[in-house]
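Following: one structure in structure tokens, then a few remarks.
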Amino acid sequence: MNALIFSAVSGVIMMFSSFLLNNKNSVRVLAHVLLLATIIANIFELRGISFFHIDTRGMLEFDRFALLFTLVANVCTFAFFLLSSRDLEKIGNHYSDYFSLLFFILAGIVVSSSFKSLLMLFLGIEILSIPLYILTGSDKRNLKSNEASLKYFLMGSFSTGLMLMGIALIYGATGTFQTGITVAEKVPVLLITGMMLLLFSMSFKVSAAPFHFWTPDVYDGAPTVVTSFMATVVKAAGFIAFMRLFAEEFGSIRPEWKLLVGIVAAVTLFIGNITAVFQQSVKRMLAYSSISQAGFMMLAIYSLSNDAKEGLILYAAAYSLATIGIFAVLVRMKDYTFEGFNGFAKQQPFLAGILVVFLLSLAGIPLTAGFLSKFYMLKATIDGGSLALAIFAVLMAAVSVYYYFRLIQSMYFKTGNATISGTTTGFKYTLAALAGITILLGIFPNLLTNWLYF
Amino acid sequence: MIVLLLFLVPLIGGFLSFFIKNDKTVRTWALLTSVITLLISIAGNTFAHSPGQLHFSSSWLGSLGSSFSLQLDGLSQILCLLTAISYPLILVSTWRSSYKTANNFFALMLLTQAGLMGVFLATDALLFYFFWELALVPMYFLCSGWGGERRIPVTFKFFIYTFTASVLMLIGLLYLYFQTPDRSFSLQSFYALKLSNDTQSWVFWLLFLAFAVKMPVFPFHTWQPDTYEQSPTAATMVLSAIMVKMGVYGVIRWVLPVVPIAAYSWGDVVMSLSVIGIIYASIIAIQQDDFKRLIAYSSIAHIGLMSATLFAETKIGYQGVMVQMFNHGINILGLWIIVELIERQFGTRKLSQLGGVAQKAPALAILFVILAFANISLPLTNAFIGEFLMFSGIWSSTVTHYNILFTVLAILSIILAAVYTLTAVQKVLYGPESSITEGTKDIHGNEKMVLWVIVIMVVVFGVYPQPLLRITDGFVDLLLNKINVAHLFVK
């Protein structure tokens, strides 16, 4: 509750800040302060201190899982602010509005990760999506950005329609919007149909194959700063909602969807990884990499165990931190292709070293958070009884090494003149801190996962 | 405590090396670190016998059922000693090679050493996997960063190959973890498992594949000659002297005792592959003109013999493997130094362009010839002891029906080794001088010293192998107890 109110109010404050504060620096500082306040408020709630007592009539439940993910999302957003808030300035003139939209997205994330009613899920997903449509098109003079925004909006509203239809069918079958249905021996067809529609629309939101076609174009067309945010925090939030929905609403009819989710996971892994191999632009590679990582996160929904829950939180953190870090460097590069990174290590040895940590984490090499999060997923999958899926997943992880290491090769072993601008000392230290967290979580994941229980 | 230091000293030394910018200082620092590691290792092998010094266990990832536990037993002792001895020799013998950004080079070298030590010491499956990758990743950077012309694709192939195999191993280990009653990754729990025959079979392949690629066993060897050829010599030395032993070690530690029935039933297949590999690699080695590739193929043949012996399941064979792991590491180190010296002096590794070196460089010639003899495993050299034990091991094997056939074919490798090694000796040392070798200078200084140390070890362990055999003795008995499948049939 704390985080929801704080981020919603912050969004409103940021909206007004554009004419109250006429200095871009003060707008930025204000946004940082507000987000920090949100984080602190959320930590208070994790420790059992809630500032607000509002009767949600059981439609929202702020359990530890939701609160912990909110914390992860907020901290990742904070990292994103620290690294990239200056780049937001370059998109257009409505600087404070962008922050305000980001805060609204955060509010949507809180709702969609703590819903107890399907209506709240719908609201949460919409609150989170609409600002994203706007942000995607925020580079108004750029045709690609416009195209991406329109594409995203059309496809997004289509999937929202599917979701509403699904919710309606489920209501028809069960007579309630509350999650946690109990089903009799025979599962009603309406419920199954509704479940399928929800599965499709959620797969669309998290860009799981075969509903992923919008992803590369939208990620590529959107301003890179925005892509960095939507490929990480927003996608992870989609998975948390997905997980919650399938654990609580459809947990009792698991045999009906388990195979289907398994197939979606496998197809996502396959398409994401194989297509990423052929990309020439790092930005598009990261778009496909986000699809392939989504395939791994789907494994959590496939297995739905405690391991999967812990793993998903860890995965969200590991993946978001690493990807935000890489994007923050990418934004400052002159050339987004792999060749554009040639000789990067010679000019920026410090940054290159940090990027290597992020790439190793994404590839799932031990001693990084990325490895352990993949490990949790595999463990949950094998525990869930599907060894074949786990083997397929690791083979795909081995494929992913190809494109992540290609960037390392460009940076370290090829000569060229990579050009990067605007790297301040603060920027470097922030990145180093993210890399430090990545390694720390890779050695002691309990630092994060223990919050689920204590 | 000693066991922890073995791993921590190179790790910390490696991290600190990143920050030493001065070329001379960082070399000295790396050498110092490796010498300290060597002293610790010797201490561990000689006078530290209390369990407190040879075991270390601390909780880590408790929720996952994994703990940070290390142990120094007979098998680990031999391999840690090999790692510890090799590093100073490698560093001294390549003292004059110049590297751009030397601090990174030596840091990665030491980190690799830390990973190797960890692999040989870990008694927890997850920890083992961590170290397995920790040894691989710095090696990738070493070979890609400082190697020859085609280094980038070649090293990448090596990395993808081993990484793919190792993630499959991870799945195998995870599966075993779920079979343990107490959900634990510890070696003891794995050893206590009683799996059904079918399960053992595919778990065996999941695990064995990773080790087979690393060794490499015949159809999985294609990464090896290219990688050896393209890597900087110091890295090649680590790869061939120590890293391939990770595969042999893995089979002894994690495959044979865990899935003994599968090891028994697939033994013939693996032995056949190994024997094919021995002959195949030897024949290719005969054709090689590039000295580095010749040694690479010769190494495949030697390792093939070890992997064949692993599945013969005899005491004498295992002792041979363990002794030979050490000896092979020492010998191949010497050969690489010779190659490095030749390449540095003449700018080529092509055997056909060399000749007549012996007249002007007698010291080089003597040392080279002794090492060549060791490579053919002539009596009085250390390799003879190891290989002889292994041949007797295969011969006396009771788990395979084809023991005599395998032995005969494997012994062919000695003849073939004589062909290619002596040809190389002849082409380099004797015959008319070529235009390149006219101004030959003899070796001196560091390299000479290192080569003498190696040659002395070759002869000493050839004449008096008792110290090594004694280390292996107790361990092999324990091992045979665990992998003996005969009692299963009685039941």
Run the helix sum for the protein assembly as shown: -39,500 (n - 2.57) per DSSP H stretch of 4+ residues, divided by residue count, reported at 222 nm to the nearest 500 deg cm²/dmol. -24500 deg cm²/dmol
Roughly speaking, what % of Cα-Cα pairs in the stretch A:365-450 are separated by over 18 Å, rounded to a whole number? 63
From the P(r) of the stretch A:1-102, could you give the percentage of C-alpha pairs in the tail past 16 Å? 58
Please list, or write none, the aspartates and glutamates whose alpha carbon is within less than 15 Å of the alpha carbon of residue A:90, excluding same-chain residues fewer than 8 places away. A:139
Taking each residue in B:142-150, count the Cβ atoms of any other chain within 10 Å of its Cβ, then average. What number comes out? 1
Calculated over the stretch A:176-290: convex hull of Cα atoms, volume per residue (Å³): 97
In Å and on Cα atoms, what radius of gyration and Dmax does the stretch B:390-457 show? 19.6, 57
So, how do all the Cα-to-Cα distances of the protein assembly as shown break down into 10 Å bins, in percent, from 0 on up? 2, 12, 20, 22, 18, 13, 8, 4, 1, 0
Residue B:24: which aspartates and glutamates have alpha carbons under 20 Å from its alpha carbon, excluding same-chain residues fewer than 8 sequence positions away? B:447
Summed buried accessible area for A+B [probe radius 1.4 Å, Å², rounded to 100]: 3000
Folded to 0 to 90 degrees: helix B:466-483 orientation relative to chain B principal axis, Cα: 30
Lysines near residue A:379 by alpha-carbon distance under 22 Å, same-chain residues fewer than 8 away left out - which ones? A:258, A:309, B:194
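Checking the table A:414/B:245; B:292/B:360; A:144/A:374; A:24/A:235; A:346/B:157; A:140/A:334 against a 26 Å threshold on Cα-Cα, which pairs fail?
A:414/B:245; A:144/A:374; A:24/A:235
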Scaled to the compact-protein estimate 2.2 N^0.38 Å, what is the alpha-carbon radius of gyration of the stretch A:384-429, rounded to two decimal places? 1.90
Once neighbouring chains are kept in place and the probe is 1.4 Å, which whole percent of the accessible area of the stretch A:2-452 is contributed by carbon and sulfur? 66
Any chance you could check the Cα centroid distance between the stretch B:162-224 and the stretch A:184-235 for me, in angstrom? 36
What residues have an amide H closer than 5 Å to that of residue A:117, excluding those fewer than 5 places away on the same chain, when H is modeled at 1.01 Å from N in the peptide plane? A:179
Rg ratio (alpha-carbon, reference 2.2 N^0.38 Å) - the stretch A:88-185: 1.34
Which value results when the Cα radius of gyration for the stretch A:332-397 is divided by 2.2 N^0.38 Å? 1.51
For the stretch B:5-98, the fraction of alpha-carbon pairs in successive 10 Å shells from zero, as %: 15, 39, 29, 15, 2
Projected area averaged over orientations for the stretch A:365-406, convex hull of C-alpha atoms, nm²: 2.8
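Using only alpha carbons, build the gyration tensor for the stretch B:231-359 and give me the equivalent ellipsoid semi-axes, biggest first, whole Å.
On the way: eigenvalues 211, 47, 25 Å².
Output for the stretch B:231-359: semi-axes of 32, 15, 11 Å.
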Overall dimensions of chain B by Cα: Rg and Dmax, Å: 21.6, 72
Kindly tabulate the residues in the stretch B:163-200 with an accessible-area decrease of at least 50 Å² between the chain alone and the assembly of all protein chains, using a probe of 1.4 Å. B:163, B:171, B:174, B:178
Hydrodynamic radius by Kirkwood for the stretch B:287-491, inverse mean 1/r across distinct Cα pairs, in Å, is 18.1
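Would you list the membrane-span-like helices of chain A, meaning whole DSSP H runs whose alpha-carbon atoms span at least 30 Å along their axis and whose mean Kyte-Doolittle value is at least -0.5?
Flagged H segments are A:24-46, A:64-89, A:143-174, A:254-277, A:282-303, A:306-332, A:387-413.
Ignoring any ligand, DNA or RNA, what whole percent of the accessible area of the stretch B:287-491 comes from carbon and sulfur when the probe is 1.4 angstrom?
Carbon with sulfur: 67 percent of the solvent-accessible area.
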Which residues of the stretch A:393-411 show a drop of at least 20 Å² in accessible area when all protein chains are present, compared with their chain alone (probe radius 1.4 Å, heavy atoms only, ligands and nucleic acids excluded)? A:394, A:395, A:398, A:401, A:402, A:405, A:409
With every protein chain present, what is the per residue accessible area of chain A (1.4 Å probe, Å²)? 34
Using only alpha carbons, build the gyration tensor for chain A and give me the equivalent ellipsoid semi-axes, biggest first, whole Å. 32, 26, 21
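The values are calculated or read from the model by the stated rules, or taken from the named source; none is laboratory data. Fair warning: this is a prediction, and the values are worked out from it, not measured in the lab. No Cβ is skipped: glycine too gets one built from the backbone with ideal geometry, and neighbour counts run over all protein chains shown. Just the protein is used for accessible areas: all its heavy atoms, side chains included, with ligands, DNA and RNA removed. Shrake-Rupley method; radii C 1.70, N 1.55, O 1.52, S 1.80 Å.
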